[in-house]
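Step one of this worksheet: look at the structure below.
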Amino acid sequence: MKILWSEFSIKLLSEIYTYYKEKASPSVAKKIKTDILTATKQLKKHPESGQIELNLEKLNEGYRYLVKGNYKIIYKAISEGLLITDIFDTRQDPIKLSDEERKTGSNT
């Protein structure tokens, strides 16, 4: 199973890296980024290992998520494989998952 990343999720991963690089250290930033990337590798063999994302269930697109640290890695199945659509900081209000920008970015 192929793992693909939306432009939106790539942008978020870059922002997370930059934030921790500036606020903590380059090594902390690299570890968080690596942990997120590594977490998605399990999806190659176990694509349904993530839980169903109830906040996006109304979209009927089969969104699921994995949790790594403070982040939800949100994905869905597409014809080419699995698409990582969002990396959501779980310390935020879950209502933000339904924000128009995230829905638009998720479909990239």
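Computed from the coordinates by the stated procedures, all read-outs in this text should not be read as laboratory data. Please read all numbers here as calculations on a predicted model, not as lab measurements. Cβ placement follows ideal geometry from the backbone for every residue including glycine, while neighbour counts extend to all protein chains displayed.
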Provide, for q = 0.11, 0.24 Å⁻¹, the log10 of I(q)/I(0) from a solvent-free Debye sum over equal Cα point scatterers in region 3-106. -0.31, -1.43
List the lysines whose Cα lies under 28 Å from the Cα of LYS23, skipping any in the same chain that are fewer than 8 positions away. LYS11, LYS31, LYS33, LYS41, LYS68, LYS72, LYS96
Taking a cut-off of 13 Å between Cα atoms, list the aspartates and glutamates near LYS2, but don't count ones fewer than 8 places away on the same chain. GLU80
Explain nothing, just compute: Karplus ³J(HN,Hα) = 6.51 cos²θ - 1.76 cosθ + 1.60, θ = phi - 60°, for every residue of region 87-99 in order, whole Hz, x for Gly and Pro. 10, 10, 6, 5, 7, 8, 5, x, 4, 4, 4, 8, 4
Angle, helix 26-41 long axis vs. longest principal axis of the chain, Cα atoms, 0 to 90°, nearest 10? 20
Treating the angle as unsigned and between 0 and 90°, give the value, to the nearest 10°, between the Cα long axis of helix 7-23 and the longest Cα principal axis of the chain. 20
Any idea what the dipole of region 3-106 comes to, in debye rounded to 20, about its Cα centre with Lys/Arg Cβ at +1 and Asp/Glu Cβ at -1? 500
